[in-house]
Amino acid sequence: MRSLRNRLTAMFLFIIGISVLGTGIFVALLLKASTIDSLKERLEKEGRLLVESVNREEFWRDPSLLQQQADRFGDSLDVRVTLIDKKGEVVGDSAESSRRLGNMKNHPEVARALSPESQVKVRSIREDTRLDMFIPVVEGKEQGKALGVVRLSMELEIIDQRLSQVWVSLAGGLLFSFALASMISSRVARNITQPIEEMTQVAVDIARNKLHRRIPVNNRDEIGRLATAINRMAAGLRYQLETIRKSERRLTGVIETMDSGLIMVDSKRKITLANQAFHRFFNLKPRQLLNKSLPEGAIFHDLNRLISKCLESGERVREEIHLYFPEERIMEARLTPIWEERGGTGVMAVIHEITAIRRLEKMRTEFVANVSHELKTPVTSLRGFAETLLDGAAEDPDMRKEFLEIIQTESLRLERLITDLLDLSKIESRNMPLDIQSIDIGELLRSTAKTVEEQMRKQELSFRVKTEEEFLVQVDPDRFSQILLNLLSNAMAYTPVGGEVILSAGRGEAHWWIRVSDTGIGIPEKDLPRIFERFYRVDKARSRESGGTGLGLAIVKHLVEAHRGEIQVTSRVGIGTEITLTFPR
C-alpha cells in the first residue's frame, strides 16, 4: 500500500507535470503563432515596398526588369518573390524560371487579387509547409489600373528551424522548473505527512497500551491542534488506565486475600471469577475453573443446586453446605443474582467456612451443660445435707460432724471449680499477662516437687525428679508451677497404689523439655485427641472421686501455648502415660 506521502508527491508531480506540459505547449504554440503573425506583417510591409517599386506600367512592359526586381528583392528579403502580370503570366520569379511556371490566371488567389473589388487588399495563404502572400499591383494609389500581382512565399520549415533553438531553451527551462517544483512538492508533502505519520505511530502505540509517547507540536495550524488533542487524549487515557489498573489491583488483592470463597457465574453457567479461597475450599488448582462450567461432582452438588435456585428465582439465597471430603466442614453460601450488560442473569456466590463457629457453638453449649452439671452436684449436696441438719440431724453430734465435713468438702470442690473457671477464662481472653523470669530448671522442678511429695507418700506412690543438667529457662514461675501441679495431680489421680511418677527435664540444640510420666491406667487411643477439652473425662467416676474439676488439662494447654510451647502425649492402657512439654530455647 502506497503511503500518503508518496501519493501526495505523485499527485503534486502529476499536477505540476500537466501544468508544465500545458504551459510549454501553450507557450510553444503562442510563440509560433506570434512569429508567423509578425512574419506576415513583415512580408506585407516588404511586399508593399516591392509593389511601390513596380507599380509603374513601364516595368510591366519589360519582363527583364521585373525579373531583376524579383531576384533583387528575393535575395534581400530571403523570400521567394513572384511577379504575375494582369493576364496571369509569370513575368519574374526569384526561385524558378518564369517559363516553367506558366500562366497562373486560374489560381484562385491570383484571380481574386486581379478582381476589381480586391485590388487594394492583401491576401495571405498559410499551408502546412509554406506561407504565401498575394498583393495586387495597381497603377496609382487607390482604384487604379491593375498591372499585376506580387506573390511573396516563405517556407515554414525555416521558421521551425529558427524556433527549434527557442523550443530547446524553453524545454530546458520547463524541465528545470519541473525538477524544482518536484523538490518543493516533495518537501511540502513531507511537511504535511510527517506530523500525520507521527500521529499514526502514536495512535498505534495507544492501541498497544504504550501511552508514554507524545507528538511534537511545532505549529498552531489544524494539524498542530489535532496533535495537541491526541496528546491530551493519550495523557487522559494513561491517567484513566493507571486508575483502572490501580483499582483492578486493589480489587484483585481484596478478592484473592479474602478468607471467604468467591465465585461468579454468568447466564450460561460459565465461571468468570473464582478466588484462591474457593479453590482452597474445594481442593482445586488455581484458575482450574475459569471459563468452565461448575463440575457435577458430589462435592459441588449442593452448590449447583443453589446456583440453579438463584437463577430460577432471581432472588438471594442463603443456605449451609456440608462437605465431607477430605474432612467434614460446614460452609455458609450466600448467592446473589447479578444482571449482565448483554442481558441475562448471573450469580455471585460468597462462601464462608463456619466449621469453627459451629464447633465453638457446640463447645459453648457443652460447656454450659457441663458447668451446670458440675455446679449442680456440689450445690445439690450442700442443699441436701443442710436440709438434713435442719430437719433434726444437728442434734446428733456424730451425724452433725459428718455432715459438716461433707459440706466443707463440697464447698472446697465448688471453690476449686470456680477458681479454675476464672483462671481458664482469663487465660483464654489473654487478660492474664505472664511475668517472664530467668530461673534455673532444677530449682523450678524441686520447688514444685516439694508441694506434692507428701500427697505422693499418702497415696503410696514412688516419685522421682530427674534433670540431665542445670540450665536457665525463661518462664513465668507461678504459671509454670501451675502447669506442673496439674500434670502431677492427674498422674497421682490415675496411678494405682505402688505406681511410680517421674518428673524430668532436659534440653537439645534448639529446644528444652519437661516430661511427666507415670505407670497409671493409661488413656485409650480414641480419647487422646480430646483430653485437653474442658470437662472432658476419660473415667468420669474416678475423676470426681479424686476431686478434679475437669479443667486442669485445658488450663495446661493454654498456659503452654502462652509460653510458645507444644504438648505431646503418648499413652498405653494399663501401662502408663507420658506427657512431654517442649519449649524453644
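Please treat every number below as a calculation from the coordinates, not as lab data. This one's a predicted model, so the numbers in the text were calculated from it and none came from an experiment. We place every Cβ from the backbone using ideal geometry, glycine too, and count neighbours over all the protein chains shown.
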Using the Cβ atoms and a cut-off under 14 Å, what net charge is assigned to the surroundings of R305, where Lys and Arg are +1 and Asp and Glu are -1? -2
Could you give the length gained on full extension between D78 and K268, defined as 0.36 nm per residue of separation minus the Cα-Cα distance, in nm? 58.0 nm
For I406 and R187, extending 7 Å from Cα along the Cα-Cβ vector and measuring point to point gives, in nm, a value of 12.6
Within the set of other residues whose C-beta is less than 9 Å from the C-beta of G442, count the net charge using Lys and Arg as +1 and Asp and Glu as -1. -3
Based on the mean of other beta carbon atoms within 10 Å per residue, what is the order of 321-328, 557-564, most packed first? 557-564, 321-328
Applying the Karplus parametrisation 6.51 cos²θ - 1.76 cosθ + 1.60 with θ = phi - 60° to the phi angles of the stretch 438-451, what ³J(HN,Hα) value in whole Hz is obtained for each residue in order, glycine and proline being reported as x? 8, 9, 6, 5, x, 4, 5, 5, 5, 5, 5, 5, 4, 5
Exposure proxy check: E242, E578 ranked by fewest other beta carbons within 10 Å? E242, E578
Ascending count of other beta-carbon atoms within 10 Å, so fewest first, for I502, I192: I192, I502
Please turn the phi angles of the stretch 520-529 into ³J(HN,Hα) values with the Karplus equation 6.51 cos²θ - 1.76 cosθ + 1.60 (θ = phi - 60°), one per residue in order, whole Hz, x for glycine and proline. x, 6, x, 10, x, 4, 5, 8, 4, x
Residues meeting the amide H criterion for V91 (H placed from the backbone, H to H distance under 5 Å, 5 or more places apart or on another chain) are L83, I84, D85
Under 5 Å, built H, 5+ apart or other chain: amide partners of V465: L503
Can you sort T9, T355 so the residue with the fewest Cβ neighbours within 10 Å comes first? T355, T9
Give me the net charge of R329's neighbourhood, meaning all other residues with Cβ under 13 Å from the Cβ of R329; Lys, Arg count +1, Asp, Glu -1. -3
If R₀ is 41 angstrom, what is the calculated FRET efficiency for the pair A28 and L101, using the beta carbon separation as r and rounding to 0.05? 0.70
